[in-house]
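Input: a single structure, listed below in structure tokens.
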């Protein structure tokens, strides 16, 4: 097979990989998949967002929401973030990541900086398209606001309402948040 393009003489379009300014944008989910952490001790939801408005249309932002982690505080923060996302996009019960594709909401983008990747972006909050920041809904997730004085045992594999093994987000989260831990909607995830 012959390659018909000469990539060295043809002008190629420039791709803008710079970080977008911090702020609220209208975005839609283009890709969603569950991945295992590098250590193999947890799982996260990997999302690719497309910015639709008010500026920087077509730019991509990548987000990881850690919903299974050996660090219980990190897991609680990730589950809270996942709950806010699902509420903002109107998904009451997440059965499959395909339910997320094409869903849109307002996303709060922040700038990040790392030695490895340089300047980038992350998403740290969501609003429904109606504009309200979603309140935590107890219909999809157990309450994480009640404090427990004794440690909960590790979640056991349970049968979901459909009779099959539950999805990771269906298993109740460990409710072991320290009494003095305050969730901040703008916390860096």
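The values are calculated or read from the model by the stated rules, or taken from the named source; none is laboratory data. Note that the coordinates shown come from a computational prediction; the quantities given were computed from them, not determined experimentally. Quick reminder, even Gly has a Cβ in these numbers, built from the backbone with ideal geometry, and neighbours come from all protein chains shown.
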Taking residue 123 and the conditions (1) more than 20 Å from residue 58 (Cβ to Cβ); (2) part of a strand (DSSP E or B); (3) at pLDDT 95 or above, which numbered condition does it fall short on, given that it satisfies the others? (1)
Selection from segment 62-79 of residues that are assigned to a strand (DSSP E or B) and over 23 Å from residue 120 (Cα atoms): 68
Across segment 26-42, what is the total count of residues that are surrounded by 13 or more Cβ atoms within 10 Å (Cβ to Cβ) and without any contact (Cβ under 8 Å) to a residue 40 or more places away in the chain? 2
Looking at 68, 59, can you tell me which residue is in contact with a strand residue (DSSP E or B) (Cβ under 7 Å, 6 or more places away or on another chain), surrounded by 11 or more Cβ atoms within 10 Å (Cβ to Cβ) and in contact (Cβ under 8 Å) with a residue 60 or more places away in the chain? 68
